[in-house]
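K.L.:
Shown below is the structure under consideration.
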Amino acid sequence: MKKYSMMTAVMMAAAALTVSAEKVASPSGLIVVDAYVADGGKPTYTVEYKGRPVIKPSHLGFELVGATSLLDKFEITGTETASSDQTWTPVWGENSTIRDNYNELLVHYKQPSTDRYVDVRFRVYDDGVGFRYEFPIDGPLGYFNIKEERTQFAMTGDHTAWWIAGDYDTQEYDYTESRLSEIRGLMDSAISSNASQTQFSPTGVQTSLQLKTDDGIYINIHEAALVDYSCMHLNLDDRNMVFESWLTPDAQGVKGRLQTPAKSPWRTLIISDDARDMLASNLILNLNDPCAYDDTSWIKPVKYVGVWWEMIAGGKQWSYTHDLPSVKLDRLDYTTTKCHGQHPANNDNVKRYIDFAAEHGFDQVLVEGWNIGWEDWFGHQKDYVFDFVTPYPDFDIDMLNRYAADKGVKLMMHHETSSAATNYERHMDAAYQLMKKYGYNAVKSGYVGNIIPYGEHHYSQWMINHYLYALKKAAGYGIMVNAHEAVRPTGLCRTYPNLVGNESARGTEYEAFAGNKPSHTTVLPFTRLQGGPMDYTPGIFEMDVTKINPQSQGHVNSTLARQLALYVTMYSPLQMAADLPEHYERFMDAFQFIKDVPVDWQKSIYLEAEPGQYITAARKDKNSDEWYVGCTSGENGHKSDIRLDFLDKGRKYEATIYADAPGAHYRDNPQAYVISRRKVDSRTRLKLYAAPGGGYAISIKPVE
Ligand code: NOJ
Ligand code: CA
């Protein structure tokens, strides 16, 4: 039962009396937040971890459009405290139960000169802090427009950061590791890994941002429960080492349109002196509301293959013909237009993938390029490209879904919106109804290109509302969503667990275009994955992309063994085996790990971690006593020394170890792996080696 006690710490009877400061500590006292008004009535806070400052005095507030700012001349008129210790059960996740234990401080601010009110609610956990603005209905604030949120995070030094450039439309960047003071000088090279259209500042970065102090404290800045508000970036004042929030503008340049009562998303700080705790933290999920759905039985983790890498890496096409429809797509007569012959979403090829999925135990087969419109899908900002219901003539939607169902497999729907969000909303009911008719229960959606409505951004408030609209509407049809290019997640999958995946970072597709840094997968769990799972699409076994497309510039910067490990280190309830069936046929012994690895877990333990260097995770299957271990390493490789003391005491297990062979290297020897088997128990200590850009994967199955 909910244990919730609220007590009013200080109640002020008369306006003349004000509270100047209030402290709140985490349940075991590791973290302390101090909230007060500084000179000039500026709402201010600090954060300490184990008695050391991690956030120096930092101001809170807003600049408004056409109204007096909410930055200063405030007084605290009262505070309330509360605490909570509950355990909840996610529909899917890294752990079958999650503890949510915090102390809370609600600070009531009043700006007497305007008679307006703002509350700030702090929740202090042993693994970090969340705080948000709340705008009560009282007072004259009413409807207001945000010019800029001015939430500061004042750093205590020139920390190391793992960062990507600020951008209102994409997170598909490689991470740069540098000192804060180096961000300005490295910005150009950081953005050259992607054509940025909206990079806004030479010191602007995105969240989730991972930091490390010189004395070994890890700090992560992000946000939780981004709802009806724009996405937050951070702009660094690199003389004073102060980050300040930088919201995404809408088409009119307004950064948020609110009507009281209203609230901002939570601003989050995950803090620890052990990097493993950063990965184990559930702070962002805990700050989101409980599940909004009564019945979640239709939400199921999914392992899938797909008609995808052939186009991404193989140079084949989503489109059916090379003819450009000069008028609306429905005027192009596809029945008389010839196929260009490179259209993998055809009946025979899709059946081949269904057969492969059925033979190897995959749940679903994604098919991209099944629907008309791809002839002119990108670059022209058209509002009417796709209708999401009309298949190309060589994709028999009825036959293929029956063929799949007969084999116990489902097709996975694909809705590329080409960022015409208005068009998608107009067609959404019909699109979801078509899915229900044929038995689809999951959609991969995508937002490539500039947003329509014109001037909106992937991360502006209008689009944030669109993504949630699509998700809730999908839930009405019993459909799970995996949205690519959408805003990076903020833990909303707790409230809406049909959000089984997002891309919203640089995924495996970039290995086909240019290659990702070998350290990429040692950073993502510290950053992008803090907000929710990523459809990273691992499982590439043929790293030399020119073998399937001589024109390709790409190379997969990973060893094969590391590709296996990613199913464990990159937590997601939705995992793709992204390579071509013919590549898996060549390495069936290694492919066995992908077949075995679960996509839902009872328990997860991070054994080793350092951003940019290595991550080793162990997870116990939700539905059996099997354990799986994965390690991914960066440019330098990694020597692991791990203990299997998480296994049941006294029980015997067989471990199958899929490791980099001596001499393996992500660049020139990626397919060198060795598979070994040995008996293990809870006293076993394993010394294992991960090559540069390498890793290892282990399945551990009880033998008695
Ligand atoms: C970009 C997505 O990330 C990719 O997975 C997809 O194939 C293309 N858009 C086309 O929708
Ligand atoms: Ca993408």
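K.L.:
Can you give the extra length, in nm with one decimal, that the chain gains between Asp188 and Arg651 once fully stretched, where that is 0.36 nm per residue apart less the Cα-Cα distance?
P.N.:
Full extension from Asp188 to Arg651 adds 161.2 nm.
K.L.:
P(r) for region 349-390: what percent of alpha-carbon pairs falls in each 10 Å bin, starting at zero?
P.N.:
25, 34, 25, 15, 1
K.L.:
Run through every distinct alpha carbon pair of region 220-282 and return the Kirkwood hydrodynamic radius in angstroms, one decimal place.
P.N.:
It is 13.9 Å.
K.L.:
Next up: Eigenvalues of the Cα gyration tensor times 5, then square-rooted: what semi-axes does that give for region 275-327, in whole angstrom, largest first?
P.N.:
Calculated on Cα positions only, the semi-axes equal 40, 20, 14 Å.
K.L.:
Which FRET efficiency, nearest 0.05, do Ser682 and Thr546 yield, Cβ-Cβ r, R0 56 Å?
P.N.:
0.75
K.L.:
With the Cα gyration tensor of region 342-427 giving a ≥ b ≥ c as the square roots of its eigenvalues, does the rule (a/c under 1.5 for rounded; else a/b larger than b/c for prolate; else oblate) give rounded, prolate or oblate?
P.N.:
Here region 342-427 falls in the prolate category.
K.L.:
Related question: Largest first, please: the extent of the C-alpha atoms of region 418-466 along each principal axis, to the nearest Å.
P.N.:
Between the extreme Cα coordinates on each principal axis of region 418-466 lie 36, 17, 17 Å.
K.L.:
With the calculation restricted to Cα positions, what are the radius of gyration and Dmax of region 247-350 in angstrom?
P.N.:
24.0, 65
K.L.:
Give the accessible surface of region 405-448 per residue, rounded to a whole number of Å², with probe radius 1.4 Å and ligands, DNA and RNA excluded.
P.N.:
Working: 1440 Å² over 44 residues.
Here the residues of region 405-448 average 33 Å² of exposed surface.
K.L.:
Right, something else. Pull out a ≥ b ≥ c, the square roots of the eigenvalues of the alpha-carbon gyration tensor of region 203-310, then state rounded if a/c is under 1.5, prolate if not and a/b is larger than b/c, and oblate in the remaining case.
P.N.:
Verdict is oblate for region 203-310.
K.L.:
On the protein heavy atoms, probe 1.4 angstrom, tell me the percent of accessible surface of the chain carried by carbon and sulfur. All intermediate terms of the calculation are to be shown ahead of the outcome.
P.N.:
Values: 11950 of 25000 Å².
The value for the chain is 48 percent carbon and sulfur by accessible area.
K.L.:
Restricting to bridges with both residues inside the chain, how much of the DSSP beta-bridge set is antiparallel, in percent to the nearest 5?
P.N.:
Roughly 85 percent of the DSSP beta bridges within the chain come out antiparallel.
K.L.:
Can you tell me which of 163-169, 66-72 comes out highest on packing, and rank the rest after it, using the mean Cβ neighbours within 10 Å?
P.N.:
Answer by packing, highest mean first, reads 163-169, 66-72.
K.L.:
A further question follows. Mind checking the log10 I(q)/I(0) for region 497-647 at q = 0.13 Å⁻¹? Debye, one equal scatterer per Cα, no solvent, two decimals.
P.N.:
For region 497-647 at q = 0.13 Å⁻¹, log10 I(q)/I(0) is -0.58.
K.L.:
How far, in degrees from 0 to 90, does helix 347-360 lean away from the longest principal axis of the Cα atoms of the chain, to the nearest 10?
P.N.:
Helix 347-360 sits roughly 80 degrees off the main axis of the chain.
K.L.:
Oh, and also: If you look at just the Cα atoms of region 510-582, how large are its Rg and its Dmax in Å?
P.N.:
12.4, 37
K.L.:
With no solvent and one equal point scatterer placed on each C-alpha of region 50-99, evaluate the Debye formula and give log10 I(q)/I(0) for q = 0.17, 0.29 Å⁻¹, two decimals.
P.N.:
Those come out to -0.88, -1.11, one per q.
K.L.:
Assuming 1.002 mPa s and 20 °C, estimate D for region 550-631 with Stokes-Einstein, Rh taken as the Kirkwood radius over Cα pairs, in µm²/s.
P.N.:
Once the numbers are plugged in, D ends up at 153 µm²/s.
K.L.:
So, one more: Which values, in whole Å and largest first, are the semi-axes of the equivalent ellipsoid of region 260-299 obtained as the square root of 5 times each eigenvalue of the Cα gyration tensor? Could the numbers behind the result be given before it?
P.N.:
Values: eigenvalues 137, 77, 5 Å².
Semi-axes, largest first: 26, 20, 5 Å.
K.L.:
Using C-alpha positions alone, give me the convex hull volume of region 581-688 per residue in cubic angstrom.
P.N.:
Convex hull volume per residue, Cα atoms: 122 Å³.
K.L.:
Still on this structure: Could you tell me which residue out of Gly369, Thr176, Pro136 lies farthest along the dipole of the chain toward its positive end? Charges go on the beta carbon: Lys and Arg +1, Asp and Glu -1, centred on the Cα centre.
P.N.:
Checking the options against the dipole of the chain, the answer is Pro136.
K.L.:
Students often check this: by mean Cβ neighbours within 10 Å, which of 443-451, 142-150 ranks highest, and how do the rest follow?
P.N.:
Highest to lowest by the protection proxy: 443-451, 142-150.
K.L.:
Let me check against my output: what whole-number percent is the relative contact order of the chain, with C-alpha pairs under 8 Å and at least 6 apart?
P.N.:
For the chain, the relative contact order is 11 percent.
K.L.:
Same structure, new question: Per residue, how much accessible surface does region 123-230 expose to a 1.4 Å probe? Answer in Å², no decimals.
P.N.:
On the way: 3300 Å² over 108 residues.
Spelled out: the 1.4 Å probe surface of region 123-230, per residue, equals 31 Å².
K.L.:
Here's something else I'd like to know. Would you mind giving the average projected area, over all directions, of the Cα convex hull of region 460-526 in nm² with one decimal?
P.N.:
5.5 nm²
K.L.:
OK, next. What do you reckon, how do Arg52, Arg651 stack up by accessible area (1.4 Å probe), largest on top? Show your work: numbers first, answer last.
P.N.:
Details: Arg52 85, Arg651 60 Å².
Output order, biggest surface exposure first: Arg52, Arg651.
K.L.:
Sticking with this structure for a sec: Averaged over all directions, how much area does the convex hull of the C-alpha atoms of region 408-493 cover when projected, in nm²? List each step's numbers first, then the result.
P.N.:
Values: hull surface 22.3 nm².
Mean projected area of the Cα convex hull: 5.6 nm².
K.L.:
Can you give the extra length, in nm with one decimal, that the chain gains between Phe587 and Ser69 once fully stretched, where that is 0.36 nm per residue apart less the Cα-Cα distance?
P.N.:
Length gained between Phe587 and Ser69: 180.2 nm.
K.L.:
Further question: Any idea what angle helix 560-569 forms with the longest principal axis of the chain, computed on alpha-carbon atoms, 0 to 90 degrees, nearest 10?
P.N.:
It works out to around 40 degrees.
K.L.:
So for the chain, taking the charge dipole from beta-carbon charges (+1 Lys/Arg, -1 Asp/Glu), which of Leu647, Thr527, Trp627 sits furthest toward the positive end?
P.N.:
Leu647
K.L.:
In whole Å, what are the Cα extents of region 96-239 along the three principal axes, biggest one first?
P.N.:
49, 36, 36
K.L.:
I would also like to ask the following. Near Leu106, within a Cβ-to-Cβ distance under 9 Å, what is the net charge of the other residues, with Lys and Arg +1 and Asp and Glu -1?
P.N.:
Around Leu106, the surrounding residues sum to -3.
K.L.:
Further, regarding this structure: Give the Cα extents of region 184-246 along the principal axes, in whole Å, largest first.
P.N.:
Extents along the principal axes: 36, 34, 21 Å.
K.L.:
So for the chain, what percent of the C-alpha to C-alpha distances run longer than 45 Å?
P.N.:
Details: 50533 of 247456 pairs.
Roughly 20 percent, once rounded to a whole number.
K.L.:
Subtracting the Cα-Cα distance from 0.36 nm times the residue separation, let me have the gained length for Asp289 to Asn347 in nm, one decimal.
P.N.:
On the way: separation 58, 0.36 × 58 = 20.88 nm, distance 4.31 nm.
That pair, Asp289 and Asn347, stretches by 16.6 nm at full extension.
K.L.:
If you don't mind, there's one more thing I want to ask. At a probe size of 1.4 Å, how large is the accessible area of Lys701, to the nearest 10 Å²?
P.N.:
Solvent-accessible area, nearest 10 Å²: 70 Å².
K.L.:
Skip the ligands, DNA and RNA, and give the accessible area per residue of region 450-572 with a 1.4 Å probe, whole Å².
P.N.:
Using a 1.4 Å probe on heavy atoms only, each residue of region 450-572 averages 22 Å².
K.L.:
Now a separate question. Place +1 on the Cβ of every Lys and Arg and -1 on the Cβ of every Asp and Glu in the chain, take the dipole about the Cα centre, and give the residue among Met187, Ala691, Asn145 whose Cα lies farthest towards its positive end.
P.N.:
So the residue we want is Ala691.
K.L.:
Using +1 on the beta carbon of Lys and Arg, -1 on that of Asp and Glu, and nothing else charged, what's the dipole of the chain about the Cα centre, debye to 20? Present the calculation step by step, with values, prior to reporting the outcome.
P.N.:
Working: 69 positive and 90 negative charges, 257 e Å.
Value, rounded to 20: 1240 debye.
K.L.:
Next up: Angle, helix 461-476 long axis vs. longest principal axis of the chain, Cα atoms, 0 to 90°, nearest 10?
P.N.:
Orientation of helix 461-476: about 60 degrees from the principal axis.
The values are calculated or read from the model by the stated rules, or taken from the named source; none is laboratory data. These numbers come from a predicted model, not from an experiment. Don't worry about glycine lacking a Cβ; one is built from the backbone with ideal geometry, like all the others, and counts go over all protein chains shown. These area figures cover heavy atoms from the full protein model, side chains too; ligands, DNA and RNA do not enter into them. Shrake-Rupley method; radii C 1.70, N 1.55, O 1.52, S 1.80 Å.
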